[in-house]
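S.K.: Right, I'll just put the structure down here and ask away after.
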Amino acid sequence: MITIISSAKSLDFEKEIFIDESTEPVFMNEVRELVDIIKNYNEEEIAKIMKISNKLSKVNYNRFQCFYDQQVNTRQAIFVFSGEVYRAINPFEYDRSNIEFAQKHIRILSGLFGILRPLDNIKEYRLEMATKLRGIPEEDLYKFWTKKITQNIVQDLNLKEDKTILNLASLEYSKSIDKSKLGTINVYDVEFKENIEGKYKLIGTYAKRARGLMVTYIVKNNIDNIEDLKNFKEEGYCYNKEISSNTKLVFTREKIL
């Protein structure tokens, strides 16, 4: 089983990490192709295509201009991404066996890197998957990445006993996988819902945290199949068979903690 999650816009290169081992992203040629395109953009163009402030566009302009500099810091992806999902993942509390399991079973989808293993080294960047990027076919990162990401996951799963994708990524990122090319591979989506006045509702902030909690539950318990995943009970969530389906696992909780 492989679990997919989204990359995050916020990055943290300051925290100390406990592991020296790292790997190289599998699609570095494609990364360089995208970087070379973005390096030709000025700050105003970056602000427009990324829909960010002038202040942030300056930061990201400088990131891409300096991307190839040897002095630019690199770190393993799982320790760099921040945000609600990654705060809940909290890999700084993993031991080495947890990291080894994550490296084999967790994949991070990225607009710049395509797909990342937890220990893949990355540099500071910002490029969301939905960004329209002039200079690539149809200005569409989905068309740029989908075939490559899908083939990579299929190759990974062909080496595993349980040929399942667990989707904990956002729709923006999970759309980069072409389900029609997965063959016999099963894909399971996951939803986390709260009991609000007697009705189960999805609340974004809580759902993001729950995704991160589930990643860590998978990693720390060596979960490699859907049946074992149904035992997830972190922070009051329980598998709700009644509103789940053959392709969607719904976890609900009665009281927000």
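The values are calculated or read from the model by the stated rules, or taken from the named source; none is laboratory data. Keep in mind that what you see is a predicted model, and the values were worked out from it rather than measured. Don't worry about glycine lacking a Cβ; one is built from the backbone with ideal geometry, like all the others, and counts go over all protein chains shown.
S.K.: Name the residue that is surrounded by the fewest Cβ atoms within 10 Å (Cβ to Cβ), counting only residues in region 42-65 that are of a type outside the set (V, I, T) and touching a residue at least 24 places away in the same chain (Cβ under 8 Å).
M.R.: Start the filter on region 42-65 by keeping residues that are of a type outside the set (V, I, T), which leaves 42-45, 47-48, 50-51, 53-58, 60-65.
Now restrict to residues that are touching a residue at least 24 places away in the same chain (Cβ under 8 Å): 50, 56, 60, 63-65.
Values: M50: 21, L56: 16, N60: 20, R63: 19, F64: 23, Q65: 13.
Residue satisfying both the conditions and the ranking: Q65.
S.K.: Taking the stated definitions as given, is R32 among the basic types (K, R), more than 25 Å from L171 (Cβ to Cβ), modelled with pLDDT of 95 or more and not in a loop (DSSP other than H, G, I, E, B)?
M.R.: Against the criterion (among the basic types (K, R), more than 25 Å from L171 (Cβ to Cβ), modelled with pLDDT of 95 or more and not in a loop (DSSP other than H, G, I, E, B)), R32 qualifies.
S.K.: If we only count strands (runs of 3 or more DSSP E) wholly inside region 157-253, which ones have 1 or more residues that are farther than 30 Å from R96 by Cα and of a type in the set (K, R)?
M.R.: 186-196, 199-201, 248-253
S.K.: Right, another one. So which residues in region 115-150 are surrounded by fewer than 20 Cβ atoms within 10 Å (Cβ to Cβ), touching a residue at least 12 places away in the same chain (Cβ under 8 Å) and not in a loop (DSSP other than H, G, I, E, B), if there are any at all?
M.R.: N121, K132, R134, I136, Y142, T146, K147, K148, T150
S.K.: If you don't mind, another one. From the set of residues in region 69-100 that are free of Cβ contacts under 8 Å to residues at least 40 places away in the same chain and not in a helix (DSSP H, G or I), which is nearest to the chain's Cα centre (by Cα)?
M.R.: Selected residue: D95.
S.K.: Identify, by number, the condition in (1) assigned to a loop (DSSP other than H, G, I, E, B); (2) within 20 Å of the chain's Cα centre (by Cα); (3) among the aliphatic types (A, V, I, L, M); (4) closer than 23 Å to D95 by Cβ that V26 doesn't meet.
M.R.: Single failed check for V26: (4).
S.K.: Scan region 91-114 and give yes if some residue there is β-branched (V, I, T), surrounded by 14 or more Cβ atoms within 10 Å (Cβ to Cβ) and over 27 Å from N152 (Cα atoms), otherwise no.
M.R.: No; the residues of region 91-114 include none that is β-branched (V, I, T), surrounded by 14 or more Cβ atoms within 10 Å (Cβ to Cβ) and over 27 Å from N152 (Cα atoms).
S.K.: A follow-up question, please. Collect the residues in region 87-131 that are closer than 27 Å to Y41 by Cα, out of contact with any Leu (no Cβ under 8 Å at 6 or more places or on another chain) and basic (K, R), keeping them in residue-number order.
M.R.: K123
S.K.: Test of understanding: among A169, A77, A130, which residue is under 19 Å from L229 (Cβ atoms), at pLDDT 95 or above and among the small types (G, A, S)?
M.R.: The unique qualifying residue is A169.
S.K.: I'd like to know if region 153-166 contains one or more residues that are touching a strand residue (DSSP E or B) at 6+ places or on another chain (Cβ under 9 Å), closer than 29 Å to I49 by Cβ and modelled with pLDDT of 95 or more.
M.R.: yes
S.K.: Next question, about the same structure. For R107, are the conditions met, namely being under 20 Å from R211 (Cβ atoms) and either among the hydroxyl-bearing types (S, T, Y) or at pLDDT 95 or above (or both)?
M.R.: So R107 fits the description; yes.
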